[in-house]
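Bear in mind these aren't lab numbers, they're just calculated from the coordinates by the rules spelled out. Here the structure is a predicted model, which is why all the values come from computation and not from measurement. FYI the Cβ positions are ideal-geometry reconstructions off the backbone, even for glycines, and counts take in every protein chain you see.
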């Protein structure tokens with residue numbers, strides 16, 4: 001018996017499995033580049049990205065690019081909202097963050113470093 005008390009393999013979702021030839025064909029098709037950021041495979045290499053709903057292979061990604069998609073829960077609307085947010089903030093004037101000056105207590109002289 002495995003963890004959770006289920007028989008081995010019970011309740012597991014089947015994911016598409018690629019042969020070495022299929023992986024090599026994807027690498028060729030993508031030119032050795034990540035399908036998301038279009039940069040070459042790095043030290044971590046490229047990993048298979050699977051569409052969880054359709055149970056199909058979408059492409060090869062850097063591990064960090066795959067994590068990025070997972071953060072957005074593979075939801076295009078979330079990513080569009082993030083793009084809109086970044087575009088709006090880039091066009092807006094920078095916000096000035098007011099930093100409070102040194103606190104001065106009544107009757108306590110200000111040190112010379114702060115008096116300037």
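Structural remarks
- Residues 37, 65, sorted so that the one with the fewest Cβ neighbours within 10 Å comes first: 37, 65
- FRET efficiency, 1/(1 + (r/R0)^6) with R0 25 Å, evaluated for residue 29 and residue 79 via beta carbons: 0.60
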